[in-house]
Amino acid sequence: MDIRPVVRVPSAEFSPHAFIGDRPAVVTDCTADWPAVRHWDSRYLRRVAGPREIAVRETDGPPRNIFQRLGPGGRIRFEQYLDWVLEAAEDLKPVLRPGIDSGAVTEAVCDHRFEQSYYLDAKLAALSPELLRDAPVPDWFRSPLVDTNFWCGILGTSSGLHCDVTPNCNVQVIGQKSFLLFPPSQARLLYKLPKATHCRFDPNLPDYDTFPRARRAVGFRCTLRPGECLYIPVGWYHQVTVMSPWAVNVNFFWRRLLSQSVAHTELWPLLLRRSRAGRRQRTRARREAAR
């Protein structure tokens with residue numbers, strides 16, 4: 001695998017329209033003055049959102065590729081989840097050392113032999129209207145915003161390699177995260193699962209005996225720090241790994257432009273299936289409303 005650095009640009013030089021269909025970019029100062037970046041810590045989050053009931057994702061074992069190994073999870077108060085995060089983060093601090101990469105972090109966290117691990121992604125507005133006000137939307141697109149998500153997890157928590165079918169901006173608020181990214185054209189090299197957005201290949205712990213085509217993949221890497229954000233174009237595969245004792249991110253998803261759909265023929269079958277599923281859901285909703 002050939003891994004190169006993601007380009008880093010100041011907000012004054014960045015426009016997502018210049019990067020559409022091309023490559024991701026780290027915008028170094030777009031959100032540095034956010035109230036979220038200045039104020040969010042465990043005490044602030046507990047005060048603002050502590051009693052809120054949330055749905056927590058669960059997986060057996062360590063927090064690796066958590067979206068590909070989900071258990072039933074459950075609903076608890078946010079402050080209970082935060083207590084688990086802070087306790088686990090303290091236990092994992094010895095893992096960190098200068099220069100450690102996401103693969104070494106994954107291996108070290110796996111060695112801790114978690115029985116279960118947990119992860120939170122929630123709609124920011126549902127978690128707390130005050131937190132939503134702390135995180136204003138970057139003025140990148142005129143198209144409507146689809147979602148604003150809040151992500152919180154411990155060292156080593158990984159999303160697994162996947163793509164999104166809408167353009168998005170991932171903002172680092174607490175801690176650090178590593179991103180490995182690959183263009184849509186490399187889906188075959190990454191062993192994408194049929195009819196899904198996730199891949200079988202794990203670039204943190206590459207197994208070239210099982211996935212030999214992945215040796216030819218060319219990707220990009222960056223680490224986000226508080227106040228920095230990453231623009232991820234439509235269809236780009238990315239694996240996200242927490243690289244600090246714990247981390248919090250805010251993720252914005254915009255509606256996909258028609259030009260972005262047309263640009264990536266690799267995504268057409270998936271987009272067509274989603275379009276059909278959306279039409280079926282709308283038809284069912286209309287029928288139920290008419291009863």
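The values are calculated or read from the model by the stated rules, or taken from the named source; none is laboratory data. Since we're looking at a predicted model, the values are computed, not measured. FYI the Cβ positions are ideal-geometry reconstructions off the backbone, even for glycines, and counts take in every protein chain you see. The protein model used for the area step is the full one, side chains on, heavy atoms only, and it has no ligands, DNA or RNA in it. Shrake-Rupley method; radii C 1.70, N 1.55, O 1.52, S 1.80 Å.
The rows are residues; the columns are (1) modelled with pLDDT of 95 or more; (2) open to solvent by less than 10 Å² (accessible area, probe 1.4 Å); (3) of a type in the set (D, E, K, R); (4) outside any strand (DSSP E or B).
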residue: P136; (1), (2), (3), (4): no, no, no, yes
residue: V146; (1), (2), (3), (4): no, no, no, no
residue: F150; (1), (2), (3), (4): yes, yes, no, no
residue: V165; (1), (2), (3), (4): no, no, no, yes
**OP:** Return a yes/no flag: does the stretch 29-39 have any residue that is crowded, with 18+ Cβ neighbours inside 10 Å and in a strand (DSSP E or B).
**Re:** no
Subject >> Output for the stretch 47-69, where each listed residue is over 19 Å from R113 (Cβ atoms), of a type outside the set (G, A, S) and assigned to a strand (DSSP E or B) >> reply: E53, I54, V56, R57
Original post:
Out of the stretch 111-129, which residues are open to solvent by 60 Å² or more (accessible area, probe 1.4 Å), not in a loop (DSSP other than H, G, I, E, B) and not hydroxyl-bearing (S, T, Y)?
Top reply: D111, Q116, K123, A126, P129
**OP:** Examine the stretch 198-206 for a residue that is surrounded by fewer than 23 Cβ atoms within 10 Å (Cβ to Cβ), touching a helix residue (DSSP H, G or I) at 6+ places or on another chain (Cβ under 9 Å), in contact (Cβ under 8 Å) with a residue 40 or more places away in the chain and more than 19 Å from R4 (Cα to Cα), and state whether such a residue exists.
**Re:** yes
Subject >> Only one of V218, V262, V234 that is at pLDDT 95 or above and either open to solvent by less than 10 Å² (accessible area, probe 1.4 Å) or of a type in the set (A, V, I, L, M) (or both) >> reply: V218
Original post:
From the residues in the stretch 167-196 that are open to solvent by 10 Å² or more (accessible area, probe 1.4 Å), of a type in the set (A, V, I, L, M) and over 20 Å from P212 (Cβ atoms), which one is modelled with the lowest pLDDT?
Top reply: A196
**OP:** Inspect the stretch 84-107 for any residue being without any contact (Cβ under 8 Å) to a residue 60 or more places away in the chain, of a type outside the set (G, A, S), in a helix (DSSP H, G or I) and open to solvent by less than 50 Å² (accessible area, probe 1.4 Å) and give the result as yes or no.
**Re:** no
**OP:** Give the residues of the stretch 169-206 that are part of a loop (DSSP other than H, G, I, E, B), of a type outside the set (A, V, I, L, M, F, W, C) and within 17 Å of D101 (Cβ to Cβ), sorted by residue number.
**Re:** G175, Q176, D202, P203, N204, P206
Subject >> Selection status of C199, within 27 Å of R113 (Cα to Cα) and at pLDDT below 95 >> reply: yes
Original post:
Within the stretch 6-14, can one find any residue that is surrounded by 14 or more Cβ atoms within 10 Å (Cβ to Cβ), within 20 Å of the chain's Cα centre (by Cα) and not in a loop (DSSP other than H, G, I, E, B)?
Top reply: no
